[in-house]
Amino acid sequence: MRVIQHFGSHTLRNVLLATTVICTPTYGYAASGCAPGSTCLSVTAKGAPAPEPAPFIAQCTGAFPDFITRPAMISNGGPLFKLSQSYPSSVPANDAPWLNIKFADGVTGANSYLYALRDYAFDGMIDADFKPEANSVRPWFHMPLMNYGPHPREPVHGLTSERPVTGPELGVKPGVTIHNYAVGFYNAAGAVTIGQVLGGASPDLTKAQFPQGAMTFKILFSDATPNDFQGADILDGAPQWTIATAAGPQLVRLMQMDVAAVDSHSPTGWVFGTFAFDRNATDASPWRRLRPVGLSWGNDFGFTPADQQAGKKLTETTISDQAPAYAASHLGWAGRANGPVDNPISGCLSCHSTAQLPAAPITFPNSCATDAQKMLWFRDLKGTEPFGSVDASCNPITTTPPPKPLDFSLQLSVAVQNVMQFGDINPCSPSASIMNIRVDDHPGEHPRIAR
Ligand code: HEC
């Protein structure tokens with residue numbers, strides 16, 4: 001019975017499937033190099049069985065892989081990432097202290113709301129070094145199935161590649177590119193939805209609506225060295241991790257933390273906000289030197305860069321008075337809330353409002369020339385409304401069936417796109433990964449979601 005504990009409250013079907021895999025690895029070929037007690041499989045990059053020598057290794061400690069990686073990436077020994085995947089079946093009561101705070105109440109309200117989310121995320125997590133299995137305060141969960149394509153989870157901390165930044169953007173030296181990596185977490189309320197969408201034999205996208213109380217956060221790290229900046233090292237004193245990359249172990253430093261919470265007071269149903277590392281902050285823990293940059297609860301439909309230049313104010317974004325200078329000067333389109341590594345033609349809520357299957361372009365493409373066309377990406381959609389489709393000339397088009405909304409979760413979009421559009425396989429529960437509801441209308445035309 002000990003094995004079953006790993007799988008928590010999954011459907012019985014998944015528990016049985018996964019247990020079978022652990023006891024008798026009937027699927028594929030055994031590989032080595034994984035954590036003790038896990039099942040280690042030789043697979044292709046898409047998760048299909050592959051004979052030794054293993055082109056890729058999948059580590060299974062539960063129903064979904066912890067990682068699928070090239071053998072060289074785990075050849076150094078040391079601790080390996082474990083996907084937290086015992087998704088609960090019910091939403092805990094009274095576990096969302098930020099819901100009492102008025103996020104739209106000026107800079108004071110925004111700062112209080114953001115710090116409430118940050119401190120909730122940090123509770124027990126700093127001491128656990130952001131390993132959910134070492135946090136006894138409250139459970140945290142990862143999105144499964146982010147293991148395929150050009151940017152799979154790396155095997156040490158579970159990070160995925162984020163948008164790189166090339167100088168002079170962000171004060172980086174001209175021509176120098178810094179690479180960024182992140183790992184996201186969902187609280188128990190959010191993880192209920194993950195389990196409902198992905199815990200069965202095939203994804204159930206009708207369940208992709210996160211409940212009040214759900215929150216998710218993401219910590220972002222950069223490989224920028226002190227020498228990469230034109231001026232002072234903006235990450236001086238930041239927390240450091242060593243991760244596995246194709247080029248070998250890589251030291252990365254904390255730059256940004258994103259938070260997002262379901263809040264029924266928001267017209268979109270969500271509040272998205274971010275923090276940036278402040279080298280001048282003096283908090284004892286370097287993690288707590290993250291300072292609020294701003295938050296958005298809507299997309300300020302109609303607000304253009306010309307409005308911003310004319311000195312008009314956004315009404316659904318608040319920028320913090322505590323934002324470090326490098327972050328305050330790197331906001332989104334027309335000043336909407338956005339983070340230091342994020343694409344400045346977008347904004348948190350704008351990009352996340354595209355979460356759907358089939359995927360939509362996450363930012364407006366070059367074919368969208370006018371502000372009116374770009375404004376498609378700045379509608380106050382709700383999580384139950386799909387973003388829709390756009391043709392090559394930036395005209396909205398109707399498709400049948402309509403795209404299925406994924407409630408602002410782009411990690412959920414990545415996961416379902418991998419299995420339903422690209423046909424990637426879950427090697428840890430192979431039977432459960434036979435997906436019947438594949439996207440069959442021109443799958444190649446729907447862009448892979450990347451940063
Ligand atoms: C240009 C697109 C883009 C922008 C802008 C953007 N994000 Fe995301 N975000 C993504 C993608 C893609 C993912 C999923 C893959 C990943 O984790 O990198 C994601 C993942 C996340 C997650 C993990 C949960 C989830 O929804 O999947 C959070 C939380 C998040 N972003 C918050 C923010 C916040 C806060 C901002 C603004 C500061 C922001 N994002 C700006 C594209 C974007």
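All of the numbers you see were taken from the coordinates with simple rules; none came from a lab. What you see is a predicted model, and the numbers here were worked out from it, not measured in a lab. Neighbour counts are summed over all protein chains in view; Cβ atoms, including those assigned to glycine, are modelled from backbone coordinates with ideal geometry.
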Contour excess over end-to-end distance, with Cα ends at Thr399 and Asn280 and 0.36 nm allotted per residue: 37.7 nm
More than 35 Å apart - percent of Cα-Cα pairs taken over segment 2-445: 27 percent
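Taking the Cβ of Gly106 as the centre, find all other residues whose Cβ is under 14 Å away and add up their charges (Lys, Arg: +1; Asp, Glu: -1). It would help to have the intermediate numbers written out before the result.
Numbers: positive: Lys102, Lys313; negative: Asp105, Glu316, Asp321.
Here the count lands on -1.
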Segment 199-320: C-alpha gyration tensor shape, a/c 1.5 cut-off, then a/b vs b/c: oblate
Which of Ile319, Asn100, Leu349, positive extreme of dipole for segment 2-445 (C-beta unit charges): Asn100
CD proxy at 222 nm, helix term only [per DSSP H run n ≥ 4: -39500 (n - 2.57); per residue of the chain; nearest 500]: -4500 deg cm²/dmol
Euclidean distance between Cα centres, segment 88-166 to segment 271-323, Å: 18 Å
FRET E, pair Gln230, Ser202, Förster distance 41 Å, beta-carbon r, rounded to 0.05: 0.20
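Mind ranking 394-401, 279-286 by how tightly packed they are, going by the mean number of other C-beta atoms within 10 angstrom, highest first?
Numbers: 394-401: 10.1, 279-286: 12.0.
By packing density, highest mean first, the sequence is 279-286, 394-401.
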Relative contact order of the chain, defined on C-alpha pairs under 8 angstrom at six or more residues apart (%): 14 percent
Residue-span extension gain [Ala246 to Asp129] - 0.36 nm each, minus C-alpha spacing: 39.8 nm
Angle in degrees between helix 188-198 and the longest Cα principal axis of the chain, rounded to the nearest 10: 60 degrees
Sequence ranges 189-198, 370-379, 239-248, 85-94, ranked by mean other-Cβ count within 10 angstrom, highest first: 189-198, 370-379, 85-94, 239-248
Ser75 paired with Arg448, simple spin-label distance in nm, labels 7 Å along Cα-to-beta-carbon: 2.4 nm
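Tally Lys/Arg at +1 and Asp/Glu at -1 over every other residue whose Cβ is under 10 Å from the Cβ of Cys348; what's the total? Please list the in-between numbers first.
Numbers: positive: Arg336; negative: Asp258, Asp342.
Combined, the nearby Lys, Arg, Asp and Glu give -1.
Any idea what the dipole of the chain comes to, in debye rounded to 20, about its Cα centre with Lys/Arg Cβ at +1 and Asp/Glu Cβ at -1?
Working: 29 positive and 35 negative charges, 90 e Å.
The calculated dipole for the chain is roughly 440 debye.
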Residue (of Pro139, Val252, Pro226) at the positive-pole extreme of segment 119-254, dipole from beta-carbon charges: Pro139
